[in-house]
Amino acid sequence: MADALLAQDILDGAAVRDRPNLFVIGIFDRRITFYSQQVRALSLVHALKELGYLHANPRIAVVGGGAAGVTAAAAAALVTGSQVVLFESADALLPLQSTTDRRRLDPHITIGRRTTRPIP
């Protein structure tokens with residue numbers, strides 16, 4: 001079993017070079033589950049809180065209303081009590097999930113062409 005990442009490791013992996021206090025979550029990843037996007041978002045917010053980035057009344061903006069963005073925004077609002085602004089260019093949040101008539105949310109469905117298990 002792999003060792004758990006330290007908070008600083010998480011921030012180092014999500015930090016945007018030459019842009020202080022700007023972090024991304026899996027922006028170029030393909031075929032990633034809804035669940036893993038949530039885990040990444042929660043891990044990032046936890047690391048930010050643990051390392052003092054989310055001090056009293058921080059200004060927080062989240063760009064992207066997909067699984068990771070919605071999760072990160074909700075988590076940041078809960079752990080800070082601050083207002084979090086969520087930006088999404090689509091007409092609704094979770095735009096990829098809103099295009100299906102069969103299932104809206106399932107933590108084991110992979111975003112992309114294939115699923116991790118068959119859908120009945």
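Taking the condition free of Cβ contacts under 8 Å to residues at least 60 places away in the same chain and either of a type in the set (D, E, K, R) or at positive phi (or both), does residue 31 pass?
On the way: free of Cβ contacts under 8 Å to residues at least 60 places away in the same chain: no; either of a type in the set (D, E, K, R) or at positive phi (or both): yes.
Here the answer is no, as residue 31 does not meet what is asked.
Being in contact with a strand residue (DSSP E or B) (Cβ under 9 Å, 6 or more places away or on another chain) and either of a type in the set (A, V, I, L, M) or modelled with pLDDT of 90 or more (or both) is the requirement here; does residue 84 meet it?
Values: in contact with a strand residue (DSSP E or B) (Cβ under 9 Å, 6 or more places away or on another chain): yes; either of a type in the set (A, V, I, L, M) or modelled with pLDDT of 90 or more (or both): yes.
So residue 84 passes the test.
With the requirement that a residue be acidic (Asp, Glu) and under 23 Å from residue 92 (Cβ atoms), what does the range 11-70 give you?
Filtering the range 11-70 for residues acidic (Asp, Glu) gives 12, 18, 29, 50.
Within the range 11-70, just 29 meets the criteria.
Can you run down the residue pairs with Cβ atoms below 9 Å, 6 or more apart or on separate chains, where the first is in the range 40-61 and at positive phi and the partner is not in a helix (DSSP H, G or I)?
57/81; 57/82; 57/83
The values are calculated or read from the model by the stated rules, or taken from the named source; none is laboratory data. Not measured: the values here are computed from a predicted model. Please note: Cβ atoms are built from the backbone with ideal geometry, for glycine as well, and neighbour counts cover all protein chains shown.
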